[in-house]
Amino acid sequence: MDDKTNIVDQEVLTVIRENYTEIFPAEKKVADLILRKPQEVVNYKVSELARASGVSDATIVRMCHHLGYSGYYQFRIALARDLGKNHSKGLEIKDPGDAVKRLFEDFAETMIAIGKQFDQETVCTCIDLIKNAGTVHIISMGNTTNLARYMGFRLERLGIRSTYSELPEYYINHINLSDKNDIVLAISKSGTSKRVLDGMRLAKEKKLKTIAITASAQSEITEFADYVLISSGKQEPLNVYKGYSYLNEFVIIDALLNFTVNEELIKMKRADRPELLLAESKL
């Protein structure tokens, strides 16, 4: 375990086998489970793997560090990559037309599954909070910042003031200076983004109402959110490449925006004026 420079380029199961004798006894319990059931373990959050192995969350993280990974998240992504690579070998699309049709059917099934799992009262409450907020502070990190910008832009076109930034220094400032009728809406697919969690902690200290959009019902972000909207529709194996898709989160945002439209508010605040001004520059 001396040379960790190219750890992410190595097969995870090979790394475990080669370094098995050097890790601690408690960590070997985790390693044994991973070697026996990699396809199952790859879908576990750290707490789930800890329970299944009979060890603590800290032991999981220590094992990953001892093997050379920055943490469990990097370890899990590397394992998902390996399993996905092996699974895809030899696969080919025999009927492109049927494959395209099936893909869109899968999208539709996922959207329906997301809609069915929502509690109507929770969704209606979230919509009311957004409609009546002084300012909606939308916070996110990494790939989800595009969703925050999209939602913030749309809200402002509906006459609802919002803040959104990819920089945590900015959105934490906004939350720190918030008023009592403001709300915080966090978007985090994993539910474990540290800077987003910092923003949610501050929001709770400020006694602001909070909403979280996340794919993980068991993640830490749900502990800080008053209302949680789960974006995972169907149970699917972790796929490192599909993990870059934010279609589910986008659909939830669009659903909230759809029910937030208030023609009277738009007219009163002249929220449509920017589009009329910008129209002069378009053909």
Pairs, first over 14 Å from Gln74 (Cα atoms) in the stretch 11-22, second at pLDDT below 95 and open to solvent by 40 Å² or more (accessible area, probe 1.4 Å), C-beta under 6 Å, six or more apart: Asn19/Met1; Glu22/Met1
Output the residues belonging to the stretch 55-70 that are open to solvent by less than 60 Å² (accessible area, probe 1.4 Å) and not in a helix (DSSP H, G or I). Val55, Ser56, Gly68, Tyr69
Do we have any residue at all in the stretch 177-193 that's without any contact (Cβ under 8 Å) to a residue 12 or more places away in the chain and touching a strand residue (DSSP E or B) at 6+ places or on another chain (Cβ under 9 Å)? no
Name the residues in the stretch 15-53 that are in a loop (DSSP other than H, G, I, E, B) and either more than 28 Å from Ile221 (Cβ to Cβ) or aliphatic (A, V, I, L, M) (or both), would you? Ile23, Phe24, Val42
Could you go through the stretch 32-40 and let me know if any residue there is under 14 Å from Tyr69 (Cα atoms) and either modelled with pLDDT of 90 or more or open to solvent by 50 Å² or more (accessible area, probe 1.4 Å) (or both). no
Being more than 18 Å from Val136 (Cβ to Cβ) and of a type in the set (A, V, I, L, M): is that true of Ala215 here? yes
Are any residues in the stretch 199-231 of a type in the set (Val, Ile, Thr) and modelled with pLDDT under 95, and if so, which ones? Thr214, Ile221, Thr222, Ile230
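The values are calculated or read from the model by the stated rules, or taken from the named source; none is laboratory data. Worth saying up front: this structure is predicted, and the values here are computed from it rather than measured. Cβ: placed from backbone, ideal geometry, glycine included. Neighbour counts: every protein chain shown. These area figures cover heavy atoms from the full protein model, side chains too; ligands, DNA and RNA do not enter into them. Shrake-Rupley method; radii C 1.70, N 1.55, O 1.52, S 1.80 Å.
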